[in-house]
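Encoded as structure tokens, the structure appears first; notes follow it.
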There are 2 protein chains.
Amino acid sequence: METVAAITLEELQLAARNHALPLEALRHPLTPVGLHYLLVHFDIPAVEAGSWRLELGGRVERPVSLTLEELRARPQRTLAVTLECAGNGRVLLEPRALSQPWLTEAVGTAEWTGTPLAPLLQEAGVDEEAVEVVFTGLDRGAQGGVVHPYERSLPLGEALREEVLLAWAVNGEPLPPQHGHPLRLVVPGWYGMTHVKWLRAITVVDAPFGGWQQAVGYRLRQSEDEDGEPVTRMLPRALMIPPGIPDFFSRSRLLEPGRCVLEGRAWSGFAPVERVEVSVDGGRWEEAELGAPLSDYAWRGWTYEWRADVGEHELRCRAADAAGNTQPDEPAWNLDGYCNNAPQRIRVTVADDLGTVVVA
Amino acid sequence: METVAAITLEELQLAARNHALPLEALRHPLTPVGLHYLLVHFDIPAVEAGSWRLELGGRVERPVSLTLEELRARPQRTLAVTLECAGNGRVLLEPRALSQPWLTEAVGTAEWTGTPLAPLLQEAGVDEEAVEVVFTGLDRGAQGGVVHPYERSLPLGEALREEVLLAWAVNGEPLPPQHGHPLRLVVPGWYGMTHVKWLRAITVVDAPFGGWQQAVGYRLRQSEDEDGEPVTRMLPRALMIPPGIPDFFSRSRLLEPGRCVLEGRAWSGFAPVERVEVSVDGGRWEEAELGAPLSDYAWRGWTYEWRADVGEHELRCRAADAAGNTQPDEPAWNLDGYCNNAPQRIRVTVADDLGTVVVA
């Protein structure tokens with residue numbers, strides 16, 4: 001673990017509300033609710049599912065207003081999807097953006113059940129001038145000095161992909177309040193900001209959407225003056241379950257010597273993960289064994305057998321996908337701290353008798 | 001919100017893993033899983049419920065080993081219980097202890113279902129010399145330089161109280177991994193550290209238990225040299241749902257002027273909450289209206305009608321219980337940062353047109 005500049009009270013307030021995946025929870029192929037990472041920009045809104053409606057309109061021929069029952073009566077699909085926050089790793093960038101202070105573990109994988117979006121748009125009749133689809137949540141607040149509802153857009157072609165869902169259930173249960181009850185968008189492969197929660201409106205538009213979360217937030221910029229490129233799909237990343245047992249405060253690891261099977265998960269939003277590698281003490285990268293992915297849009301497990309010798313060690317892991325995306329040794333800095341997929345580092349103290357180890 | 005000294009990386013690591021109740025979730029009488037506060041000292045252990053057993057032994061005549069099925073076949077009780085971390089408010093103490101950096105919202109209320117502990121102990125036949133009962137979890141790690149399993153004791157008289165449960169379900173569902181699957185202790189009225197998760201053993205002992213979490217941790221000390229008094233039951237505390245809408249980063253609140261019903265919850269582990277008061281801008285404390293408690297061991301709702309005028313405001317709330325316990329204006333400092341029940345403070349900007357407010 002790198003050292004970082006001291007965290008501010010504002011960052012702590014966000015860290016207290018939101019939470020990452022405790023790394024040992026990587027053992028679950030599907031992350032149990034409550035362990036999946038969670039980022040709520042504003043407040044979780046109070047929604048009465050009985051009176052809630054989804055308004056689909058804008059540049060369509062037949063605007064429609066749908067109840068949850070009407071949505072649930074449509075064709076259903078269940079898909080395992082890995083979601084990662086675009087700001088994952090933000091705190092390890094130097095200098096760092098002041099926002100939700102993620103370390104490396106803002107991720108989770110769940111089975112989302114809902115109805116595909118594309119047929120709904122097709123039935124509504126999308127105008128020829130349409131270029132984007134805007135998704136508006138019921139949550140509202142100020143960011144960057146501007147009061148707005150949380151809303152994000154997708155290019156029309158992305159919105160029409162067959163795997164894009166309007167989801168009302170996660171891991172077989174109705175969405176809990178924090179994950180977007182009663183309905184959220186799921187855009188497999190894209191970073192978490194895309195999957196708009198507490199969805200109230202879908203609006204087809206004929207010009208690029210200029211809302212704050214789209215035009216200012218979630219862009220790769222080197223300075224305030226730049227527009228920057230939009231953040232879209234998840235870069236590859238591998239994470240490992242820290243081996244051994246933790247020290248409560250430092251989270252450093254203690255382990256007995258001998259054979260130790262390291263295990264973790266790896267994902268990419270661009271293409272299947274085709275290689276995971278492990279490096280011990282800065283040495284050569286060696287290939288881990290890959291398990292089957294849960295779906296085309298979810299992480300796959302990996303294992304690597306390590307012979308743990310007495311002493312201090314640093315473990316790293318990294319993934320590469322079939323599209324040629326990799327994890328760079330050093331992160332690519334950007335102003336707002338997005339897409340830092342530099343390899344995870346885990347420090348481990350290996351000792352014969354853990355009871356006698358003095359933890360610094 | 002008071003200002004505090006900058007948070008360290010180690011504290012951030014804990015804040016990323018663990019999480020508090022987002023304050024708007026106070027609207028739920030029973031906290032949904034995933035919103036309830038969570039503190040895991042070491043790692044969440046992997047437990048196979050099928051082969052798991054609870055060992056009840058020590059100073060008893062008939063030690064017993066029980067499967068989950070055998071426990072579930074015993075008398076069942078479901079009880080709404082408010083759980084709060086003993087370290088809630090730690091970060092607002094000055095100087096502060098370096099540990100999980102809680103602000104004010106490490107709390108939650110759930111319905112726990114399990115079997116009462118007392119009949120199990122009575123059937124096992126507690127020896128006359130017995131003074132305490134030790135509860136041992138499957139989680140293990142280092143704290144204070146000592147490797148140990150998480151374990152805590154209760155005086156025999158407390159362990160025999162009829163409301164103490166061995167719980168396998170929360171809000172009607174099997175315990176999720178993070179809340180102690182397959183079995184946890186629930187000791188209504190006591191701070192969270194008492195409710196040992198991933199329970200594997202219950203051991204009746206004839207001398208006070210000297211484990212780290214009992215003899216060093218969770219004691220009210222002014223210095224390292226003191227033994228201090230043990231932390232036990234929850235002091236009274238009221239929390240309110242922050243009114244209006246948030247600014248993402250500062251979490252300051254924006255509200256339109258006019259009638260605003262403030263609402264929240266209040267609890268005490270000693271006796272029923274009998275009064276909640278609200279103070280606006282440091283003015284007189286005025287009584288809120290109380291709702292019914294969910295049980296003898298759970299929070300009760302409260303409301304207070306506030307006339308919000310344009311300008312900057314600070315809201316505070318506090319509770320008092322029937323045993324005479326109150327919330328002091330200033331917290332009582334102690335070395336490890338326990339039991340800080342000073343009143344919550346919420347800053348609100350009231351303005352006619354929120355769209356034009358410039359958030360600092």
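Take residue A:157, move 7 Å from Cα toward the beta carbon, and the resulting point lies 7.6 nm from the same point in each other copy, nearest first. The slack in the chain from residue B:98 to residue B:64, taken as 0.36 nm per residue of separation less the alpha-carbon distance, amounts to 8.2 nm.
At full extension, residue A:333 and residue A:162 could sit 58.2 nm farther apart than now, given 0.36 nm per residue minus the alpha carbon distance. Name the most mobile residue of A:217, A:269, A:244, meaning the one with the largest mean-square fluctuation, in a Gaussian network model of chain A with Cα contacts below 10 Å. In this elastic network of chain A, the residue with the biggest mean-square fluctuation among A:217, A:269, A:244 is A:244.
Remark: A:202, B:346 ranked as B:346, A:202, counting other beta-carbon atoms within 10 Å and listing the fewest first. Take residue B:311, push a point 7 Å out from Cα through the beta-carbon direction, and compare it with the same point in every other copy: 6.8 nm, smallest first. Cα centroids of the stretch A:147-182 and the stretch B:206-239: 46 Å apart. Spin-label model, residue A:128/residue B:347: points 7 Å from Cα along the beta carbon direction are separated by 5.5 nm. Restriction of the trypsin sites (Lys or Arg not before Pro) in the stretch A:75-172 to DSSP coil positions whose beta-carbon has at most 16 other beta-carbons within 10 angstrom yields A:161.
Rounded to the nearest 20, the Cβ-based charge dipole of the protein assembly as shown about its Cα centre (Lys and Arg +1, Asp and Glu -1) stands at 860 debye.
A crude spin-label estimate for the pair residue A:207 and residue B:148, with each label 7 Å from Cα along the Cβ direction, gives 6.7 nm.
In this Cβ point-charge picture (+1 for Lys and Arg, -1 for Asp and Glu), the stretch A:237-356 has a dipole of about 240 debye about its Cα centre. Diffusion of the protein assembly as shown by Stokes-Einstein, at 10 °C in a medium of 1.306 mPa s and with Rh set to the Kirkwood radius over alpha-carbon pairs, works out to 59 µm²/s. If you take the Cα centroid of the stretch B:72-126 and the Cα centroid of the stretch A:39-82, the two points sit 37 Å apart.
Note on the stretch A:9-230: Cα Rg divided by 2.2 N^0.38 Å, N the number of residues, gives 1.01.
Each of B:8, B:203 was scored by other Cβ atoms within 10 Å of its Cβ. Arranged with the fewest first, they read B:8, B:203. Label-to-label distances for residue B:256 across copies, nearest first, come out at 6.6 nm, using points 7 Å from Cα in the beta-carbon direction.
Size estimate for the stretch B:284-337 follows the Kirkwood approach: the inverse of mean 1/r over distinct Cα pairs works out to 14.3 Å.
Values quoted throughout were computed directly from the atomic coordinates according to the rules given, and no laboratory measurement underlies them. Model, not experiment: these values are computed from the prediction. Here Cβ is always computed from backbone atoms with ideal geometry, including for glycine, and neighbour counts include all displayed protein chains.
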